[in-house]
1. Please state which of the following conditions A:ALA306 fails to meet, knowing it meets all the rest: (1) among the hydrophobic types (A, V, I, L, M, F, W, C); (2) surrounded by fewer than 24 Cβ atoms within 10 Å (Cβ to Cβ); (3) at pLDDT 95 or above.
2. So if I check each of A:LYS166, A:LYS188, which one is basic (Lys, Arg), at pLDDT 95 or above and not in a loop (DSSP other than H, G, I, E, B)?
3. Is the range A:81-98 home to any residue that is within 16 Å of ligand 2 (Cβ to nearest atom), in contact (Cβ under 8 Å) with a residue 40 or more places away in the chain, more than 14 Å from chain B (Cβ to nearest Cβ) and of a type outside the set (A, V, I, L, M)?
4. Among the residues of the range C:96-124, which ones are in a helix (DSSP H, G or I), of a type in the set (A, V, I, L, M) and modelled with pLDDT of 90 or more?
5. Mind listing whichever residues of the range A:122-144 are surrounded by 16 or more Cβ atoms within 10 Å (Cβ to Cβ), under 23 Å from A:ASN76 (Cβ atoms) and not hydroxyl-bearing (Ser, Thr, Tyr)?
6. Check whether at least one residue in the range B:76-91 is hydrophobic (A, V, I, L, M, F, W, C) and under 15 Å from A:PRO221 (Cβ atoms), and report yes or no.
7. Only one residue in A:PHE67, A:PHE29 is away from ligand 3 (no atom under 16 Å from the Cβ) and within 14 Å of chain C (Cβ to nearest Cβ), so which one is that?
8. Of the residues A:GLY31, A:GLY40, A:GLY71, which is assigned by TED's automatic domain parsing to the domain that holds A:PHE172, crowded, with 23+ Cβ neighbours inside 10 Å and either in contact with a Pro (Cβ under 9 Å, 6 or more places away or on another chain) or acidic (Asp, Glu) (or both)?
Amino acid sequence: MKTLYFDNNATTQVAQEVLDSMLPYFREFYGNPSSMHTFGGQIYRKIEEAREQVALLIGSDPDEIIFTSCGTESNNTAIMSAIETNPTKKHVITTKVEHPAVLNFCKHLSRKGYRVTYLPVDSKGRLEIDSLLQVIDDDLALVSIMHANNETGVIFPIEKIGHILKERKVVFHTDAVQIVGKLPINVKDLPVDMLTLSGHKIHAPKGIGALYVRKGTRFYPYLIGGHQENGRRAGTENVAFIIGLGKACEIAAKSIQKEVGFVKHLRDKLENSLLSNCPDASINGDKENRLPNTSNISFEFVEGEAILLLLNEYGICASSGSACTSGSLEPSHVLRAMGVRNTAIHGSVRFSLSRYNQEREVDKVIEVMPEIIKNLRLISPFGQERLTGKGYAS
Amino acid sequence: MKTLYFDNNATTQVAQEVLDSMLPYFREFYGNPSSMHTFGGQIYRKIEEAREQVALLIGSDPDEIIFTSCGTESNNTAIMSAIETNPTKKHVITTKVEHPAVLNFCKHLSRKGYRVTYLPVDSKGRLEIDSLLQVIDDDLALVSIMHANNETGVIFPIEKIGHILKERKVVFHTDAVQIVGKLPINVKDLPVDMLTLSGHKIHAPKGIGALYVRKGTRFYPYLIGGHQENGRRAGTENVAFIIGLGKACEIAAKSIQKEVGFVKHLRDKLENSLLSNCPDASINGDKENRLPNTSNISFEFVEGEAILLLLNEYGICASSGSACTSGSLEPSHVLRAMGVRNTAIHGSVRFSLSRYNQEREVDKVIEVMPEIIKNLRLISPFGQERLTGKGYAS
Amino acid sequence: MWDYTEKVKDHFLHPRNVGEIENPDAVGIIGNIVCGDALKLTFKVDRKTNRIIDVKFQTFGCASAIASSSVLTELLKGKTIEEAQKITNQDIADYLGGLPEEKMHCSVMGKEALEEAIKNYKGEKQPIEPQGRIICKCFNVSEEKIRKVAQEN
Ligand SMILES: Cc1ncc(COP(=O)(O)O)c(C=O)c1O
Ligand SMILES: Cc1ncc(COP(=O)(O)O)c(C=O)c1O
Ligand code: FES
Ligand code: FES
């Protein structure tokens, strides 16, 4: 069965050009970039080329880029670096809707005696700048706020927040994993000190990430050992994936246009059609400020896991904020923070597209989804009540 | 020019079978193992298969294996886990000859107020168990001692040390990066609580590692975020490399025999010939307890970097403990700890072989090396004095 | 791996003027065997013209050190003592088309040996032993010297 992949916020297909760029580094040019001999040493220059490609995508200098093993490592590193370089400050501000790589790291800090403020969001997943202003204090080691949310695609006003924090000389990190490659960003205009990106969200492989650290930002490494990455990230370099990430960034810079044109067109078509053809469906998140590829829709009275499994029957891949789909049996913390009704959280489905999606794939989803929802509602007591007009509790 | 690769302790060529095993996971089976849909979910089982392959190589249970991004991360994780789970204990014991991934992490702990004891080694690089017994106390959070040294190949008596520590209920970690795949080890007989291995030393790619954590050992994750690796290592799994590491371990289990036979034969031939044909050359490290693939030879009165660059002219790759070859301009901390004379450290060259080396490659080194050393000594003032019988101070 | 220019490689692979002059007019020795590195510079001077007519070196050090020594001897040939005195380690590095930043200090040993040799020629001093704490373990460069070089560059 052909796979119809609508789960690109979870992970993406590696681009053919990316794979091609990496292949020589497994068996041909397999030397260690730290080596004295030409065979290894030449690899070092390839890594520096990749660093330039990544830098180009986000408008930074190459030496502001540190390669890491994933977005999670970049996030952990950024937060811990701010903590280590501000040893007297004990307050961290973040939001309630961050990725676990920030959220759980902050919980870890709480256990160590740090005060963490989790900023709320409104019903559309928007951050209220006021709530940030109210909690800024002199004890602040770091503010970490994501650029775009992985579940809803909602974009936070990082530029505005950055200006506020810059004025107050507070270290500011943003998790930009979901926005990089989807919308143009440029750290020249973005007053952030550190920025996280991850390869497997932009058609590079899983297991490579980068952290941008603005020149002049005090830095403390998280992985400690050898002198790799200019002493900022130890461990023998993942040469192949670094080169792949460079290539992916090069391609992304070119294909962002496609993302906001073609991909957004497909997403809108999918979304509008599902909303019109499935009753009691609604968008989660701010439609105005959203990634062009993401659509998070709640189908009331049905359960996300059930929807996903029925979609799976057609080879359609999507994801859900339903508790039943997560190992922890906790429903989406993002939708909960937005105050989405439990019945709606349960029935939430996220479609996330990429430049590799095709119109006929969208058409297929549009074709099967209304039937799936209808059938599940026939099974559901709430659906039944709804259908028979008895109403339902929330 | 053909590359004659004698730097396998630095990194290795990815095995063809390993590359083949990984390829489908970039563009075909690119799903996220955490996903609900079959497309992603099926990957999870592949990861579990790889975990079994790694476990098999070291005699552990699969669920005692955590995949990481490298040996450095495994080492950092092991040490930090012991620290986090023993919050009242402030003493760490390690050796003077560890890899920087342990050594520099211990220095980081010192800065945080921990007491670190660095055990000495003797002139042959051997650890004296007595020196360990003397410093064991009730404040001990962890002992971290490498299994085999990367520079000299010297093997430490981990089994013996483990029994001593087990009796005293001290957490024991060993960095086994250099021994895994070269000599058989089995955690059933090895009383260690945690053990580090790294992919790129055993013909898997750079950028994947594993940490063995014995069942019952209290554990605290180092990368914090999602629930991957059973909550023990966050970050989307490096699926391709995990599968590659599994394959590499499967192959290693079979080829260890070759290592102790064929590879040792080549190493011994190389070593014996160089020692006979180059005056004033000597082995660094205990010949009795040494990896079968490693030979660290000091050529007096000449400089390692110069030797490496001349070898490089023939495509021969090796490495040196000379300060001039390291970014930090510090000579090898391992050879220094052994009390090797400075002139000998300067002229140290490490040859490290693998199952892919061939007899005629060894013959080539044997052919060119005496001439290289002779020519460099002609340039060297000390060499001159030596040659002209004027003698030299030491 | 160091990024060496073709010039460095050339002078490393084919060092000029290797050896030791018999009955030299000047000897400059820098470094000692305990710390590891050394350069011995010997030259002959035409007493009438005050020009260096023959010069040889022996170096125990890295490729940069060997190439720097080789270039130094080339630069010295035919120069008067006064001209020779003006040669800096930057001149040596420039002649080589540059050295990696971390390797700049390797050209210092040449300059130091030259200074020692000139002092020796003038009868001011028997060479050997730089003063100050040795901070570069691979290389017998004194702290004082490094500061001086850092200012010059
Ligand atoms: C003994 C030892 N430990 C740890 C490491 C670090 O492994 P990695 O480069 O995968 O971080 C190495 C090699 O680099 C090593 O030789
Ligand atoms: C917003 C966000 N941050 C961080 C991450 C973590 O990245 P990685 O899986 O590369 O660790 C992800 C995705 O998993 C993400 O969506
Ligand atoms: S109903 Fe079974 S996990 Fe939610
Ligand atoms: S002699 Fe140049 S770095 Fe040692």
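The values are calculated or read from the model by the stated rules, or taken from the named source; none is laboratory data. Predicted model, so just to flag it, every value in this text is computed and none were measured. Don't worry about glycine lacking a Cβ; one is built from the backbone with ideal geometry, like all the others, and counts go over all protein chains shown.
1. That leaves (3) as the condition not met.
2. Details: A:LYS188 fails: not in a loop (DSSP other than H, G, I, E, B).
One residue alone meets the criteria, A:LYS166.
3. Within the range A:81-98 (the criterion being within 16 Å of ligand 2 (Cβ to nearest atom), in contact (Cβ under 8 Å) with a residue 40 or more places away in the chain, more than 14 Å from chain B (Cβ to nearest Cβ) and of a type outside the set (A, V, I, L, M)), the answer is yes, since at least one residue qualifies.
4. We begin by selecting, within the range C:96-124, every residue in a helix (DSSP H, G or I); these are C:101-121.
Checking which are of a type in the set (A, V, I, L, M) leaves us with C:104, C:108-109, C:113-114, C:117-118.
Hits for the range C:96-124 are C:ALA113, C:LEU114, C:ALA117, C:ILE118.
5. Residues satisfying the conditions are A:LEU127, A:LEU132, A:LEU140, A:ALA141, A:LEU142, A:VAL143.
6. Checked the range B:76-91: at least one residue is hydrophobic (A, V, I, L, M, F, W, C) and under 15 Å from A:PRO221 (Cβ atoms).
7. The unique qualifying residue is A:PHE29.
8. Values: A:GLY31 fails: either in contact with a Pro (Cβ under 9 Å, 6 or more places away or on another chain) or acidic (Asp, Glu) (or both); A:GLY71 fails: either in contact with a Pro (Cβ under 9 Å, 6 or more places away or on another chain) or acidic (Asp, Glu) (or both).
After ruling out the rest, the residue left standing is A:GLY40.
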